[in-house]
Amino acid sequence: MTAGGRWVFDRVTVEDVSRHFGRRRAVSRVTFQASQGQILGLLGPNGAGKSTLLSLLATLLRPTSGAIRYGTLDLRHAEGALRAHIGVLGHDLFLYPELTARENLAFFAALYGLRDANAAARAALDRAGLGDRADDIVSSFSRGMRQRVALERALIHQPRLVLLDEPFTGLDDASTVALVKRLRGLREEGAIVVLATHDLDLAEGLLDAAVFLRDGRMVHSATQPAALRSTYRTVMTKGQA
Amino acid sequence: MRLAWLILRKDLTVEVRSGEIAYTTLFFAVACVLIFAFALVREGKPPEDGAAGILWIAVMLAGNLALGRAFERERQAETLRALLLAPAPRPAVYLGKLLGIVVLLAAAEVLLVPLVALLFQARLLAHPIWLTAILAAGTTGFAAVGTLFAAMLVRARSRDVLLPVLLYPITVPVIIAGVRGTAALLQPELEVDIVRFWLALLIAFDAVFVTLSLWTFEAVMTD
């Protein structure tokens, strides 16, 4: 895991992690691992704890108990440095609607310490296919276009760990196909991708591993998951009277 | 400091484009001064030493408005989370937002000082360096506490009510020192020792609350 004492971020390990908000247990004793070149899906109904888990992985929340390891590094150490290797696409897009697409991306590139923020923003806009709309303010974009800008914002610093919360919500077919292609590209580049989604049809064939959550608990996990919909139905109804 | 500077620049760009906070803050502050002028100036005679109090009331009320909106903007698109995800110490986010509020309030003061001086026939501009120092120190202290509270309350449902309820009692020393320091500048004979005393009090308040806020911001925003 370490090469010559250097930190190698090749997996993220969630070990017996719980997160409570007062008396409410949002996440309870969840354990899983995602490795580089893998897309792991967090599947479950609303309130299952998927977004909380993503916030924990993103370092926005701290676990009440348990540990999260990034390669060999523990969350408690070098949190700031760790965040340089994490990219997050939330359900909200984390974009300033008053700024142009270029300004948004250049701001976030600078925030992540990229040397030439403007060049990085230009390249990101080209990847998003929005080079011709670079100087339009984001509030004038459609949901799909904003989602493309937001995805490039999350990836502008080439993170090792990519966290996506319901990335397919509100996308048309063309944007969905483009996003799936981009996620597969990230897998080939060796990123660790963790995504929370409701869309089992899209998840089918995209995921290399799946973690099924219900009421904050992990009820099932699978590698190379197939027949997601029937597995989902089975594990979600199991134990429910 | 780099991150704080980036956030300040971004906030100012957004503000120049939308004008949302600047216009509402300035309009509110000017309206506040005009109402006091209509109420208190009788036959062209303003109340003695009233100008200092009215200037600071306008700054504080306008500041409360600006503080609420500054974080509301970050909450609406959840961009505050994006800032907290940056690979830099989180207190830098606090510092950036604080600088933005101070710049906005400074802009309001540039308009308010001559307006209050004119309407209340006050010698506010007689000692510009001392006045700038008192206003800068007072504004920084008020904004230091306000920025921390506004960030803490960003997810609270009744944040608009809670912010002034929490903010004003804690910033009472700033208000008193600001008003007394400014009032001392309005006297025919400037008593430097008195002005210096109130300024020192404001600087001490700033040092304590900026340090405390930088120290607690990480914990406040993480959980």
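The values are calculated or read from the model by the stated rules, or taken from the named source; none is laboratory data. Model, not experiment: these values are computed from the prediction. Backbone-built Cβ (ideal geometry, glycine too); neighbour counts: all protein chains shown.
Taking the stretch B:9-19 on its own, how many of its residues are crowded, with 19+ Cβ neighbours inside 10 Å and farther than 15 Å from A:Tyr112 by Cα?
Residues that pass the stated criteria total 3.
Tell me yes or no: at least one residue of the stretch B:126-139 is within 14 Å of chain A (Cβ to nearest Cβ), within 22 Å of B:Trp215 (Cα to Cα), touching a residue at least 24 places away in the same chain (Cβ under 8 Å) and in a helix (DSSP H, G or I). The answer is no; no qualifying residue exists.
Scanning the stretch A:134-185 for residues that are among the hydroxyl-bearing types (Ser, Thr, Tyr) and within 20 Å of A:Leu206 (Cα to Cα) turns up A:Thr169, A:Ser175, A:Thr176. The residues of the stretch B:167-179 that are of a type outside the set (Gly, Ala, Ser) and crowded, with 20+ Cβ neighbours inside 10 Å, listed by number, are B:Leu167, B:Thr171, B:Val174, B:Val179. Meeting the requirement of 2 or more residues that are away from every other protein chain (no Cβ under 14 Å) and modelled with pLDDT of 90 or more, the helices (runs of 4 or more DSSP H) wholly within the stretch A:92-183 are A:117-127. If the condition is being in contact with a strand residue (DSSP E or B) (Cβ under 9 Å, 6 or more places away or on another chain) and either more than 13 Å from chain A (Cβ to nearest Cβ) or in a helix (DSSP H, G or I) (or both), then the stretch B:45-87 contributes B:Arg81, B:Ala82.
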